[in-house]
Structure formats: C-alpha cells, structure tokens
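Undergrad: Have a look at the structure that comes next, please.
The values are calculated or read from the model by the stated rules, or taken from the named source; none is laboratory data. On a predicted model such as this, the values are computed, not experimentally measured, just so you know. Ideal geometry is used to build each Cβ from the backbone, glycine not excepted, and the neighbour counts take in all protein chains shown. The area values use the complete protein model at the heavy-atom level, side chains included, leaving out ligands, DNA and RNA. Shrake-Rupley method; radii C 1.70, N 1.55, O 1.52, S 1.80 Å.
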Amino acid sequence: MLTIMGLMVVFWVHCFHRVEQGQALVVNKLNNKTDVSFTGGVAIPFLHRAEVIDISDQTIDIELKGRKGVTCRDHVRVDIRMSFQLRIPAADNVRTVAQRLGGAQASDLKFLHARFAPKFIEALRTVAQHCDFDDLHKSRLAYKDDVVNLIGPDLDGFILCDASLIHLEPTPIEHLDPTSPLDASGIRTLESLGMAIPEVSRA
C-alpha cells in the first residue's frame, strides 16, 4: 500500500507543471476542456497537452517617418511614433490566445509585431486622414484615443491596455518632394500656419 501511494506521489510530482509569475499554464484535455492556471497544474502524458504562455505585458512600437509618415486631410505629412501595450488579463483571454496563436508565438515579440503592426499602422493612417494637421498637433490625446478606439478589442485574446504617443511632428523638409502636388500643398499649409518645417542635418 505504501509503495502504491509512493508511486502515485512520484507520478503526480512528475506530471505537475509549475509556472512563474507572469506566466499561465494551459492544459488541453481529451474532453475538449481547456484548463488555465496562473500557478501550476497537472498534465498527464498522452492524455493532456500542456503549454506555458507568457502573460506579461508586451510593448509594440510603431514609427512612421519620412516617406512612410502619415498624411493629414490638408496634405501635411507627419512623422509619428506611438507605443502600444498589450495584455492578457484573464483566463478567458489566455484560452483565446492559446487557440489562435499558441504559447510559443504569443510569447514571441517579433511575431506579435508582425501580426499586429499592420492593424496599428492602418489605424494611425486612417485617423490622421480625417484630421487637419493643426487639429492633430493641438489635440494629440484625442488622436491617440481615436486610434485606440479604431483598433478595437479584437486582438486574438490580447487587449490594448495602454498607448503612448511619443512623437508627432511635421516630416523634415528633406523627406518632402516639392514637385509632388500633395507635398507642395502640405508645405503651403504649414507656411499658412506660420510653422517652420524641420530640416534633417546632412552631416
């Protein structure tokens, strides 16, 4: 009897997976049930599939400058840098992330950047296209909030918990094309606002 109990204890210890702070354990069972634990759990070999997901906040920086800068409604080209912070806040979110991405990819910042950056960039461009530069420049918080609202909550289980607008200024003149009708119009707009267009040093 003691031998059997000892073997059961050894088996349980062998099957127990402990996770550190900032991680979640996902155990997929044969009955299609998915258990999520933030401390640890038991996964029986051949019956359960276990994977660990990093649930610490992930930050994705987006920088659009020069020819890639966003264009306002009045054709002013703008250099922007914005930081987006993603979070997996609850067990249901962990399940969604595990199903759609898998543990390894959900913990890979390069993968997350490749997956979400196009959506973030589209939102930055779309909101800017509906704003004149003067309004955009004066109401940066409103611009950031509009970008976040346009991105929305559907990020494969991640939520966008915070965003910071780090840089928003007219594109330096060396990256503008005065022969382009749009850039020429943007330059005239800045001149009418009494704003100098920053230049990039040639050094």
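Undergrad: Please list, short to long, the whole-number percent of alpha-carbon pairs of the stretch 46-103 in consecutive 10 angstrom bins beginning at zero.
TA: All Cα pairs, binned at 10 Å, distribute as 19, 30, 19, 21, 8, 3, 0 percent.
Undergrad: Skipping prolines and chain starts, which residues have an amide H placed within reach, meaning under 5 Å, of the one on ILE55, given they are 5 or more residues away or on another chain?
TA: GLN23, ALA24
Undergrad: Something else: List, in the order given, every pair from LYS68/LYS138; LYS33/LYS110; LYS68/LYS119; LYS33/LYS119 whose Cα-Cα distance in the structure shown is over 20 Å.
TA: Going by Cα-Cα distance, LYS68/LYS138; LYS33/LYS110; LYS33/LYS119 fall outside the 20 Å limit.
Undergrad: On to the next question. For the stretch 104-109, in order, what is each residue's ³J(HN,Hα) by Karplus, 6.51 cos²θ - 1.76 cosθ + 1.60 with θ = phi - 60°, in whole Hz (x at glycine and Pro)?
TA: These are the phi-based 3J(HN,Hα) values: 5, 5, 5, 9, 9, 4 Hz.
Undergrad: Roughly to the nearest percent, how much of the accessible area of the stretch 95-187 is carbon and sulfur, given a 1.4 Å probe?
TA: Carbon plus sulfur share of accessible area: 53 percent.
Undergrad: Seen from all sides and averaged, what is the projected area of the convex hull of the Cα atoms in the stretch 87-131, in nm²?
TA: Directional mean of the projected Cα hull area for the stretch 87-131 stands at 3.9 nm².
Undergrad: What's the local net charge at SER192, with K and R +1, D and E -1, over the other residues with C-beta under 10 Å away?
TA: Around SER192, the charge tally is -2.
Undergrad: Evaluate the distance, in nm, between pseudo-label points positioned 7 Å from the Cα of ASP145 and of PHE111 along their respective Cα→Cβ axes.
TA: 3.6
Undergrad: Which whole-Hz ³J(HN,Hα) couplings does the stretch 146-152 yield from phi under the Karplus relation 6.51 cos²θ - 1.76 cosθ + 1.60, θ = phi - 60°, glycine and proline marked x?
TA: 5, 5, 4, 5, 5, 4, x
Undergrad: Amide H of GLU169 versus every other amide H placed in the peptide plane: which residues, excluding those fewer than 5 positions away on the same chain, fall under 5 Å?
TA: Result for GLU169 returns ASP79.
Undergrad: Using only C-alpha atoms and all pairs of different ones, pull out the Kirkwood radius for the stretch 56-189 in Å with one decimal.
TA: 15.8
Undergrad: If you plug each phi of the stretch 171-185 into the Karplus form 6.51 cos²θ - 1.76 cosθ + 1.60 with θ = phi - 60°, what whole-Hz ³J(HN,Hα) values come out, in order, with x for Gly and Pro?
TA: Running phi through 6.51 cos²θ - 1.76 cosθ + 1.60 with θ = phi - 60° gives 5, x, 4, 5, 9, 9, 10, x, 7, 7, x, 5, 5, 4, 5 Hz.
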